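Q: Got a structure for you, written out below as structure tokens; questions coming shortly.
The values are calculated or read from the model by the stated rules, or taken from the named source; none is laboratory data. All values reported here derive from a predicted model rather than from experimental measurement. As a convention, Cβ positions derive from the backbone with ideal geometry for all residues, glycine included, and neighbour counts pool all protein chains shown.
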Amino acid sequence: MKIVNWIDARFPLTPFIKHELTEYQTPANLNYWWNFGSLAGFILVLQIVTGLFLAMHYKADTSLAFDSVDYIMREVNFGWLIRYLHSTGASAFFVIIYIHMLRGLYYGSYRKPREMLWWSGIALLLLMMGAAFMGYLLPWGQMSFWGAQVITNLFNTIPFIGPDIVLLLRGDFTVGDATLTRFFALHYLIPFLIVGLVVVHLVTLHWVKSTNPSGYTLQRESDKIPFHPYYTVKDMFGLFVFLAIFTAYVFFDPEFWIAPENYVPANPLQTPSHIVPEWYFLPFYAILRAVPHLTMGVVAMVGAILILAALPYLDRSRFAGGGVNRPFYRLMFIFLVLDLCVLTWVGKQPPEGSMVLIGQLATASYFLFFIALPFVSKWEERWLLARCIPEPVKENLDKPVSLGKR
């Protein structure tokens, strides 16, 4: 086409599409667990688009915020749909990202030379958490207000500068109008920072190439296929399945992901009987409550996320493939997933009775996974070498794995 040729003469549009999409070589054995990366991209676009339309009608004012959300739901054409797409999309985003990260954890996608890819993914998770936390305040309901009150108070535990950070976040000595305005501005800004980091994430992925279920780098050309049409079709099928589930929640049970207390306007004089964050924060909230000392609890909560960045160095095994080729690592991974489910359940319950002990045991088990990994991975490597690996393979284990010519 003349238009495309005109653009190509001034910008490498066609070569870029060919190199990064249509002719981009990918492993031929990728399964549906690799679909969640593209699904995350779809949800990110959906959140930005619906957020833009919501921002056109939202009022970042404590006396108007709750009513403006009600106005969007009742008076704006299809406002209810936009709001439910955005609120349900936030939960769907975390479901997809958590599955995406667990897939990387199971298949060892954090291992050399993909450390930067893994770290950029953790940075994306932190930005998402920041955007979700700030967005949770915007409806100005009871749980929004008191959740923000509790979380911002946690920054007081930072030595010397903690109170200043709290004051900077709130813009006042209490959560109020200045806090709402700041959170709205940051909630609007962070998704665009996420887009920029997603670009970095994808560039890193295309440089080091994707992992595959076998765990080993595929060198033969016959083991690779172009991304389009093979994986674009596969991703479209995954998208249709996801949309069937997603729209079922949006149209039939959209309030499943919204706390009932948030339908009550914020009241600084009335504390809810049980303050809980959104479900995607519950495992870390349970870790926070499991430690009796507040400062150490905050350290444990933050450390529960940041310790993921150490995985490339904690896993000392030379065997690739994660849980596919390593039976003991597979058992540890299953134990970790079950432990995260327990922490999510405990985080939802009031911190009393047996819940306290269960939360403490689950928290200890979570960190035990990372503490034990260096020792178990080396022991497992010796066990596999002694029992399962032929002599020719043993001789090649120490040889560097080539990524192939680009």
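Q: Mind checking which pairs have a first residue in the stretch 71-91 that is without any contact (Cβ under 8 Å) to a residue 12 or more places away in the chain and a second that is among the aliphatic types (A, V, I, L, M), Cβ under 9 Å, 6 or more apart or different chains?
A: Between residues of the stretch 71-91 that are without any contact (Cβ under 8 Å) to a residue 12 or more places away in the chain and residues that are among the aliphatic types (A, V, I, L, M), the close pairs are Trp80/Ile72; Trp80/Met73.
Q: If a residue must be over 25 Å from Trp257 (Cα atoms) and either among the hydroxyl-bearing types (Ser, Thr, Tyr) or not assigned by TED's automatic domain parsing to the domain that holds Val69 (or both), how many such residues does the stretch 110-157 contain?
A: The qualifying residues number 3.
Q: Further, regarding this structure: Between residues in the stretch 276-290 that are touching a residue at least 40 places away in the same chain (Cβ under 8 Å) and residues that are among the β-branched types (Val, Ile, Thr) and surrounded by 21 or more Cβ atoms within 10 Å (Cβ to Cβ), which pairs lie under 6 Å by C-beta distance while being six or more apart or on different chains?
A: Ala286/Val346; Ile287/Thr363; Ala290/Thr363
Q: Just the residues that are over 21 Å from Ala362 (Cβ atoms) and surrounded by 14 or more Cβ atoms within 10 Å (Cβ to Cβ), please, taken from the stretch 284-315.
A: To start, the set of residues in the stretch 284-315 that are over 21 Å from Ala362 (Cβ atoms) comprises 309, 312-313, 315.
If the condition is that a residue be over 21 Å from Ala362 (Cβ atoms) and surrounded by 14 or more Cβ atoms within 10 Å (Cβ to Cβ), then Ala309, Pro312, Asp315 are the ones that fit.
Q: State which residue is surrounded by the most Cβ atoms within 10 Å (Cβ to Cβ) when the search covers only the stretch 245-275 and only residues that are free of Cβ contacts under 8 Å to residues at least 60 places away in the same chain and over 26 Å from the mean Cα position of the chain (by Cα).
A: So the residue we want is Ser273.
Q: Follow-up. Touching a strand residue (DSSP E or B) at 6+ places or on another chain (Cβ under 7 Å), over 20 Å from Leu306 (Cα atoms) and modelled with pLDDT under 95: does that describe Gly141?
A: yes
Q: If you don't mind, there's one more thing I want to ask. Do we find that Phe160 is in the same structural domain as Val95 (by TED's automatic domain parsing), free of Cβ contacts under 8 Å to residues at least 40 places away in the same chain, on the phi > 0 side of the Ramachandran plot and not in a helix (DSSP H, G or I) in this structure? I'd like the intermediate steps shown before the answer.
A: Values: in the same structural domain as Val95 (by TED's automatic domain parsing): yes; free of Cβ contacts under 8 Å to residues at least 40 places away in the same chain: yes; on the phi > 0 side of the Ramachandran plot: yes; not in a helix (DSSP H, G or I): yes.
Spelling it out, Phe160 is indeed in the same structural domain as Val95 (by TED's automatic domain parsing), free of Cβ contacts under 8 Å to residues at least 40 places away in the same chain, on the phi > 0 side of the Ramachandran plot and not in a helix (DSSP H, G or I).
Q: Residues being free of Cβ contacts under 8 Å to residues at least 24 places away in the same chain and either more than 26 Å from the chain's Cα centre (by Cα) or within 17 Å of Lys59 (Cβ to Cβ) (or both): count how many of those fall in the stretch 169-182.
A: The number of residues fulfilling the criteria is 5.
Q: Next up: Just the residues that are small (Gly, Ala, Ser) and either modelled with pLDDT of 90 or more or surrounded by fewer than 16 Cβ atoms within 10 Å (Cβ to Cβ) (or both), please, taken from the stretch 164-212.
A: Gly171, Gly176, Ala178, Ala185, Gly196, listed by residue number.
Q: Given the criterion farther than 28 Å from Leu46 by Cα, crowded, with 16+ Cβ neighbours inside 10 Å and in contact with a helix residue (DSSP H, G or I) (Cβ under 9 Å, 6 or more places away or on another chain), identify the matching residue among Phe319, Phe281, Phe242.
A: Answer to the selection: Phe319.
Q: Also, I was wondering about something else. Which one of these does Leu282 not meet: (1) within 16 Å of Lys348 (Cα to Cα); (2) assigned by TED's automatic domain parsing to the domain that holds Thr217?
A: Only one criterion in (1) within 16 Å of Lys348 (Cα to Cα); (2) assigned by TED's automatic domain parsing to the domain that holds Thr217 is unmet by Leu282, namely (2).
Here is a yes/no grid of residues against (1) in contact with a strand residue (DSSP E or B) (Cβ under 7 Å, 6 or more places away or on another chain); (2) without any contact (Cβ under 8 Å) to a residue 12 or more places away in the chain; (3) over 30 Å from Leu218 (Cα atoms):
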{"residue": "His19", "(1), (2), (3)": "no, yes, no"}
{"residue": "Leu30", "(1), (2), (3)": "no, no, no"}
{"residue": "Leu39", "(1), (2), (3)": "no, no, no"}
{"residue": "Leu44", "(1), (2), (3)": "no, no, yes"}
{"residue": "Gly51", "(1), (2), (3)": "no, no, yes"}
{"residue": "Leu54", "(1), (2), (3)": "no, no, yes"}
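Q: So, one more: Residues in the stretch 216-258 that are outside any helix (DSSP H, G or I) and among the β-branched types (Val, Ile, Thr): how many?
A: The qualifying residues number 3.
Q: Determine if the stretch 370-380 includes at least one residue that is outside any helix (DSSP H, G or I) and buried (at least 16 other Cβ atoms within 10 Å of the Cβ).
A: Checked against the condition, which is being outside any helix (DSSP H, G or I) and buried (at least 16 other Cβ atoms within 10 Å of the Cβ), the stretch 370-380 yields no hits at all.
Q: State all residues of the stretch 112-163 that are charged (D, E, K, R) and surrounded by fewer than 21 Cβ atoms within 10 Å (Cβ to Cβ); if no residue qualifies, say none.
A: Those that are charged (D, E, K, R) and surrounded by fewer than 21 Cβ atoms within 10 Å (Cβ to Cβ): Lys112, Glu115.
Q: Further, regarding this structure: Take the residues in the stretch 337-350 that are more than 12 Å from Ile287 (Cβ to Cβ) and over 19 Å from the mean Cα position of the chain (by Cα); name whichever of them is modelled with the lowest pLDDT.
A: Pro350
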